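A short write-up of the structure that comes next.
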Amino acid sequence: MGFVRNVKYFCGKEYVEMDLFEMADMRERGRKMRGKKINLSSADQVRRNRNRAARTFLQKVHTNFTANDIYLTLTYDLMHRPEDTKAAKRDFHNFIRRINRRRKRLGMKPVQYMGTIERKGENYHFHMIISGGMDRDELENIWGKGLSNASRLRIHDQELMQKLCKYILKEARDKEKYENTYICSRNLKNPVVKKNDWAFSHKKLNELAGLTDCREIWEAMYPKYEFIEAMSTYNDMTGWHVTVKMRKKEGSA
């Protein structure tokens with residue numbers, strides 16, 4: 001008989017995700033975490049990797065950004081189109097340097113960002129989540145190589161944020177014509193991850209797997225947090241896996 005592992009991901013001051021799942025080997029109880037080994041088909045593994053990447057990206061967004069920050073799209077006009085991905089990266093990093101010079105004059109910290117350089121044929125553009133604090137028109141004008149669009153980050157809309165992160169990380173369908181490169185600043189923080197191998201029994205996990213739509217249950221267990229959503233999946237080999245997403249209530253210490 002194995003045990004139930006509880007892993008919490010504290011993403012910044014407001015947002016937390018929690019996983020509850022079966023661990024088959026009692027020898028792993030209390031040890032440093034390692035990924036669960038699951039035998040999947042190649043298609044299932046690709047889908048699993050894609051979902052894991054989007055979840056990790058979203059957790060990092062919640063850890064480093066707030067509703068005061070920006071979703072930014074940058075495109076090129078014909079006069080400034082780069083020769084290759086290397087040149088596009090150079091243009092972007094020069095853009096970041098200009099932003100940081102401006103932020104320094106304003107007494108602000110260096111900008112944080114995470115997103116992708118996307119290529120379709122000869123066209124390049126950028127999808128970025130980036131620090132706010134500057135006038136959005138000024139941010140757009142600093143680019144100066146084509147069209148740009150800045151909108152306030154709707155980070156409290158969980159469904160929208162999940163779609164946005166998947167869109168930013170979307171997979172290439174045609175590798176010869178379409179290239180997608182992830183870029184981020186070095187000043188990003190990672191979520192704080194904590195685990196507990198003693199808090200939940202198998203009976204409790206089975207019970208909670210059927211209560212993912214019961215806000216009252218989860219908010220009673222974690223009274224400082226507001227329930228966002230929960231989901232449960234079952235695998236014949238690994239048993240139940242429950243994921244819960246919550247946000248700290250206003251005024252909670």
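For the pair E207 and D137, a Förster radius of 51 Å applied to the C-beta separation gives a FRET efficiency near 0.45, rounded to the nearest 0.05.
Cβ crowding within 10 Å, taken as a proxy for footprinting-reagent exposure, orders E14, E28 from fewest neighbours to most as E28, E14. Taking a sphere under 15 Å around the Cβ of D157 and counting the other residues whose Cβ falls inside, with K and R at +1 and D and E at -1, yields a net charge of +1. Taking the chain as a Gaussian network of alpha-carbon nodes connected by springs under 10 Å, the highest mean-square fluctuation of the residues K32, K170, K224 belongs to K32. As a quick test, which of the pairs K86/K189; K109/K163; K120/K145; K13/K109; K13/K224; K60/K195 have an alpha carbon distance above 23 angstrom in this structure? Violating the 23 Å limit, Cα to Cα: K86/K189; K109/K163. Normalising by residue count, the chain has a Cα convex hull of 151 Å³ per residue. The long axis of helix 85-105 is offset from the longest Cα principal axis of the chain by roughly 90 degrees.
F200 sits among other residues whose Cβ lies under 13 Å from its own Cβ, and their net charge, with Lys and Arg +1 and Asp and Glu -1, is +2. Note on segment 1-115: percent of Cα-Cα distances in each 5 Å bin, starting at 0 and stopping at the bin with the largest distance, equals 2, 8, 11, 13, 14, 14, 11, 9, 8, 6, 3, 1, 0, 0. Mean residue ellipticity, 222 nm, helices only, the chain: the sum of -39500 (n - 2.57) across DSSP H runs of n ≥ 4, divided by residue count and rounded to 500, is -10000 deg cm²/dmol. A Förster radius of 30 Å, combined with the Cβ-Cβ distance separating N149 from E250, puts the computed FRET efficiency at roughly 0.45. Straightening the chain between E229 and K189 buys 12.0 nm, computed as 0.36 nm per residue apart minus the Cα-Cα spacing. The angle between the Cα long axis of helix 158-168 and the main principal axis of the chain comes to about 50°, on a 0 to 90 degree scale.
For the chain, the longest principal axis of the alpha carbon atoms and the long axis of helix 42-64 meet at an angle near 70°.
Other residues lying with their Cβ under 13 Å from the Cβ of L188 contribute a combined charge of +3, Lys and Arg counting +1, Asp and Glu -1.
The slack between N51 and Y167, meaning 0.36 nm per residue of separation minus the straight C-alpha distance, is 40.6 nm.
A short reminder: the numbers here are calculations on the coordinates, not readings from a lab. Since this is a predicted model, take the numbers as computed values, not measurements. Here Cβ is always computed from backbone atoms with ideal geometry, including for glycine, and neighbour counts include all displayed protein chains.
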